[in-house]
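Below: the structure, in structure tokens.
The values are calculated or read from the model by the stated rules, or taken from the named source; none is laboratory data. The structure displayed is predicted, hence computed values, not measured ones. When we count neighbours, we look across all protein chains shown, and the Cβ atoms used for this are built from the backbone with ideal geometry, even at glycine.
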Amino acid sequence: MEPFVQGNEMLMLLHLEPWRVEHNEITAGFTGRQGGASKAPYDSLNCAFHVGDAPEDVLSNRRALAEALDFKPEAWTCGEQTHGAEIAVVREVDRGRGQQDRASAFQATDGLLTDVPGVLLTSFYADCVPLYFYDPVRRVVGLAHAGWKGTVAQIAAAMVSKLQTVYGSHPHDIVAAIGPSIGDCCYEVDDYVMEHVGQLEGSLNEGIETFDAVELYRASETDQSKYLLNLKEMNRRIMIKAGILPTHIECTTWCTSCNRDLFFSYRKENGITGRMTSWIGIKES
């Protein structure tokens, strides 16, 4: 069953439904492209400054999203993503970093963690993979942005390690989710990317039962020099290798490239488009 389910808000919001049912002390999900204020080619729910959209429209969309989730606009907290594996721990004093401008965001940061209620962690996507983490024992939430570079850098494993060292989390307590992103139906890559994937492949195949195995990649049918890569499955296996139980991982079936009416797609729109937002936050009592 698809875990990311559209709500009935005016904005296009896909809520992480199993967590909304089982962990209603937090909110987590992913935006679509509809319902915002931005003009073409960023129409309409673009929440990222760096794409060239009008700042006033971005701020309007950010306010609308925060308010739809019952968070204050100043709760919005984000990083300036660089397709790396750096992770920031968000304290009370950091609440609101990046909300008004790029300069105040956590710089060169693709992962965020917090145990502070009332902080809304956010990150931005147009085909890359959003990763969600929650430790219900320690009450810690996290987001990570994983393109192919972040995936092969194993940002998912780095998030688990950070949860352990900073918060004392046990991997078996952590629940995780993999959100809407480009699927292996559309994500065609070359030998350069596959060289990096190959360095991880052996370790990611360990402990994966034959009946549970999903292809990490396959040859492209349209270009014999290319491969179709399954970033979602790579991140799932990295999570499992890091100690998260397979039964604790939700994985979407949405492909952002296949559904351009619903999502922004960097590949389908030749890089000129908006960005969706992943969000997670602990609700204030």
Residue hits (region 69-98; within 19 Å of the chain's Cα centre (by Cα) and either of a type in the set (A, V, I, L, M, F, W, C) or modelled with pLDDT under 95 (or both)) are LEU69, ALA75, TRP76, CYS78, ALA85, ILE87, ALA88, VAL89, VAL90
Counting only residues in region 269-285 that are in contact (Cβ under 8 Å) with a residue 60 or more places away in the chain and in a loop (DSSP other than H, G, I, E, B), the one surrounded by the most Cβ atoms within 10 Å (Cβ to Cβ) is identified as GLY274
The condition of being of a type in the set (D, E, K, R), on the phi < 0 side of the Ramachandran plot and buried (at least 23 other Cβ atoms within 10 Å of the Cβ) holds, among ASP110, ASP184, ASP190, ASP94, only for ASP110
Flag if GLU2 is more than 23 Å from LEU112 (Cβ to Cβ) and at pLDDT below 95
no
With the first residue restricted to region 1-29 and required to be without any contact (Cβ under 8 Å) to a residue 24 or more places away in the chain and surrounded by 14 or more Cβ atoms within 10 Å (Cβ to Cβ), and the second required to be part of a loop (DSSP other than H, G, I, E, B) and among the small types (Gly, Ala, Ser), Cβ contacts under 6 Å at 6 or more apart or on different chains are HIS15/GLY7
Selection from region 132-158 of residues in a helix (DSSP H, G or I) and either modelled with pLDDT under 95 or farther than 22 Å from GLU17 by Cβ (or both) yields TRP148, LYS149, GLY150, THR151, VAL152, ILE155, ALA157, ALA158
The condition of being within 30 Å of VAL5 (Cβ to Cβ) and loosely packed, with under 13 Cβ neighbours inside 10 Å holds, among HIS172, HIS145, only for HIS172
Filter region 193-213 for residues that are of a type in the set (Gly, Ala, Ser) and at negative phi; the one that is modelled with the highest pLDDT is GLY198
- [ ] Would you check if ARG62 is out of contact with any helix residue (DSSP H, G or I) (no Cβ under 6 Å at 6 or more places or on another chain) and in contact (Cβ under 8 Å) with a residue 24 or more places away in the chain?
- [x] yes
SER257 fails exactly one of (1) in a loop (DSSP other than H, G, I, E, B); (2) within 22 Å of GLY79 (Cβ to Cβ), namely (2)
Within region 99-128, the count of residues that are of a type outside the set (Ser, Thr, Tyr), more than 14 Å from the chain's Cα centre (by Cα), within 20 Å of LEU65 (Cβ to Cβ) and not in a strand (DSSP E or B) comes to 9
The condition of being surrounded by 18 or more Cβ atoms within 10 Å (Cβ to Cβ), over 25 Å from GLY118 (Cβ atoms) and of a type in the set (A, V, I, L, M) holds, among ALA54, ALA85, only for ALA85
Contact list, first residue from region 174-190 and over 18 Å from ALA219 (Cβ atoms), second anywhere and in a loop (DSSP other than H, G, I, E, B) and polar (S, T, N, Q), beta-carbon distance below 7 Å, six or more apart or interchain, is ILE178/THR252; GLY179/THR252; PRO180/THR252; PRO180/THR256; SER181/THR256
Residue set LEU229, LEU216; condition at pLDDT below 95 and under 20 Å from the mean Cα position of the chain (by Cα); output residue LEU216
With the structure loaded, tell me whether ALA40 is modelled with pLDDT of 95 or more and farther than 20 Å from GLN107 by Cα or whether it fails that test. yes
